[in-house]
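One structure is given here, and the rest of the page talks about it.
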Amino acid sequence: MKTLKRQKRSVSLGGRKLRTSTGKDTKTVTRARGRSSQIISSVAFSRNVETFQHLIETSPFGHVILQDSKILSANLMFAKLMAFRSVENIRGKKFSGLLTPESQRTFNLMVRRLERGETPIQKFDLVLRRNNGTTIDVETTVIRCEVDGKQAFALHCSDITDRKNLQRRLIDSESLFRNVVNSMGDALVITDLQGKVLDVNREFERLTGYDRSDAVGKEIPYPWTDQISMRSVMDWLERLRKDGSLRDFDVTWVTKEGRKIAVSLNTTLLRSSSGDLAAMANVARDISERQAAQRELSNQVRRLEVLYELGRLLTGTLDSQEIARITYQQVWKVIPFDVFFLDLYDEERQELRPVIWYDRKGEDLVEYQVPERAVPLAESPACVRVVKSRKSFLELRGSQATSEYLRFGEVSALSKSLVFVPMFSKDRIIGIVSVQSYEYQSYTQEHVTLLESIASVAAIALEKAKLYNETVAKSLEIEARNKELDDFTYVVSHDLKEPLISVEGYTKILKKIYEDRLDGEGKQYLQSVIESCGHMKRLIEDLLQLSRVSKVQEHRTTIKLSELVTQVISEFEFAIRDRKVKIQSSDSLPSVLGIEAHLKIVFRNLISNAIKFCDKPNPLIDITATTEGRMAIIRVKDNGIGIEPQYFDKIFMIFQRLHKREEFEGTGAGLTMVKKIVESHGGRIWVDSTPGEGSTFSFTLPVP
């Protein structure tokens, strides 16, 4: 190796001679390439000292020489960097006073390395305190040299404040971006265009259980992707390349523990500053709860549809077996089963009457013939439990369980999952419905609740069918009673009336033939017999008429009351003229719905009574009407003898009279018939009266 001779060179910096040494034991100064920010080379000193000195003085970078820790000399740019007006203002100051504590430690370290002959870091950063109180970031290079035979250090400083501020802003921006990403409620996975994971956020770590270190660098297929979903993932990539972004793409992820979760992906292609595609941002949202809610909503809608359809179908039937079959069909839509049965329960007799029973035979559900006889409740322990507790119950048998109390024939012994539900009507158990499965763990409490809802609807239909059957039985009984009444009416009208006519006839003959032979008392007896026979005939006729009124159900028509009242008044022409009666009737009486013949009986009786029970020389009858809603209120007012308030109800009872027959004629059946007719038309009748002043009979009738 060629031995280098030690050479000494010097250059003036701010009036000072700077000498550097080169040789084997001295580090050379690297020459700046294109800029004076590099270490000053000792070679440059040997060429053109004046030119080099001029470059330093006019350099856009700061240069300073330190000796004994003080500033020996500096160029004008360094003075400007430190906010001094001239070089003279900075010369002689301690350099450590211009440094922050951290920069002081860094600078001292570099100096010690130079003093030990080590190679220092070529460039390092310092923070200098300026004369105006601000700080400045500088990039510094230092070399060891001699000034006037003593050790010195030459520093080169370039202002990097703007660059440092930019770096700090970038660091702050990255920190902010990282905080934003980590605070996202959704998982974020950033990948390159081939799908290699570049970064993930904390929500991804929480959701999947994979740490960032586990995820970064992973390629398709990802360990958190469900294998079944891989085809979907490939479709996702294909569509992403085609559309540039993808929204609401549902896939299944698998956590580190193996738990599956449903996520919805929203993916966007990211571009570089030059506009080229650079990466993919995948935002994944956990939709497990949403999908569960959607499934629950779908189930609820399905249940409501079943309940609606069940109610609609049950409305059209009154047969208990058909009701049970419809119930079976609707239950099958929402609850799977291998066995289904429905029993009616007679609480008074403590008996069950099987209505329908289905059991699986191979792949099919078969309807079996149920016993025609009623079964004692005690023969079905499961039903005993339902009746006693008045609650539904669910049993999920284990593999070795043999719960005998749930046995139903030979079928239930094979069932592994069983549900029994009582059917209530007005707080009474009227039946029991059960579904059973040959599989383990087939039912949940949710199935019990659903079956209870279906059982409630079916119970209403069964109770309605029961009431209908009871009504039919009552109707048949009433029909039989009516036939008996018809037979009685026939007897009254023929077997009683005919001999009565004979008695009356023979009495009249006796009176005519033997009238001259009878004394006054005998004639009076015969006359009493004749009058009693006439009264008896009138009673029989009124009774027959009342019977007809009670039974006849003719079609109602629209009747103009003004015309009907006029017709009835014309029937009393003789009585009106004889008693000098004045009847006032409005021509604007409303039309009503009713049976014309029956309404004539009403007005005929009321007008007749008004004339009969009047003690005034000039009877006055006033017929008026008003309409309220769907009913007309008709009033028949007279100026007769009136009625005591305590008799207001008694006058409408059959054969009830307030006066002796010698005072006023009649049987006491007229107002009873009036009341029957008004009530049969859907109205009511009442009376207001003041004794000695008159009465007002009011009644209501429906209007068209």
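Here A262 fulfils each of the conditions (1) surrounded by fewer than 12 Cβ atoms within 10 Å (Cβ to Cβ); (2) under 35 Å from the mean Cα position of the chain (by Cα); (3) modelled with pLDDT of 85 or more apart from (1).
Table: residues versus (1) open to solvent by 70 Å² or more (accessible area, probe 1.4 Å); (2) under 24 Å from K675 (Cβ atoms); (3) touching a Ser or Thr at 6+ places or on another chain (Cβ under 8 Å); (4) not in a helix (DSSP H, G or I).
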| residue | (1), (2), (3), (4) |
| --- | --- |
| H555 | yes, yes, no, yes |
| F574 | yes, no, no, no |
| R577 | yes, no, no, no |
| A597 | no, yes, no, no |
| F603 | no, yes, no, no |
| S608 | no, yes, no, no |
| D615 | yes, no, no, yes |
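Looking across the stretch 418-445, the residues that are modelled with pLDDT of 90 or more, in contact with an Asp or Glu (Cβ under 7 Å, 6 or more places away or on another chain) and not polar (S, T, N, Q) come down to L418, V421, R428, I429, I430, G431, I432. Within the option set T26, T30, T51, T58, being open to solvent by less than 80 Å² (accessible area, probe 1.4 Å), at pLDDT below 90, out of contact with any helix residue (DSSP H, G or I) (no Cβ under 7 Å at 6 or more places or on another chain) and within 26 Å of V127 (Cα to Cα) holds for one residue only, T30. Checking each residue in the stretch 567-584 for being under 27 Å from H555 (Cα atoms) and either touching a residue at least 12 places away in the same chain (Cβ under 8 Å) or acidic (D, E) (or both) picks out Q567, V568, I569, E571.
Cβ-Cβ distances below 6 Å connect the following pairs, each with a first residue in the stretch 184-203 that is farther than 11 Å from N282 by Cβ and of a type in the set (K, R), a second residue that is in a loop (DSSP other than H, G, I, E, B) and modelled with pLDDT under 90, and a separation of six or more residues or different chains: K196/E219.
Annotation: of all residues in the stretch 323-347 being among the β-branched types (V, I, T) and open to solvent by less than 10 Å² (accessible area, probe 1.4 Å), the one that is farthest from R360 (Cα to Cα) is I323. Mind checking which residues of the stretch 310-322 are buried (at least 18 other Cβ atoms within 10 Å of the Cβ) and touching a strand residue (DSSP E or B) at 6+ places or on another chain (Cβ under 8 Å)? Hit for the stretch 310-322 is S320, nothing else. Within the stretch 99-121, residues that are open to solvent by less than 70 Å² (accessible area, probe 1.4 Å) sit with their Cβ atoms under 6 Å from residues that are polar (S, T, N, Q), at 6+ positions apart or across chains, in these pairs: Q104/S96.
Of all residues in the stretch 204-229, how many are closer than 18 Å to F249 by Cβ and open to solvent by 30 Å² or more (accessible area, probe 1.4 Å)? Don't jump to the end; show me each part of the working.
Restricting attention to the stretch 204-229, the residues satisfying the condition of being closer than 18 Å to F249 by Cβ are 204, 207-208, 220-222, 224-229.
Next cut, open to solvent by 30 Å² or more (accessible area, probe 1.4 Å) only: 220-221, 227-228.
Within the stretch 204-229, residues that are closer than 18 Å to F249 by Cβ and open to solvent by 30 Å² or more (accessible area, probe 1.4 Å) number 4.
Step by step: first the residues of the stretch 311-363, then only those that are among the aliphatic types (A, V, I, L, M) and in a strand (DSSP E or B), then the one that is nearest to R428 (Cα to Cα). Which residue is that? So the residue we want is L344.
The values are calculated or read from the model by the stated rules, or taken from the named source; none is laboratory data. Since this is a predicted model, take the numbers as computed values, not measurements. Glycine also receives a Cβ, built like all others from the backbone with ideal geometry; neighbour counts cover every protein chain displayed. The area values use the complete protein model at the heavy-atom level, side chains included, leaving out ligands, DNA and RNA. Shrake-Rupley method; radii C 1.70, N 1.55, O 1.52, S 1.80 Å.
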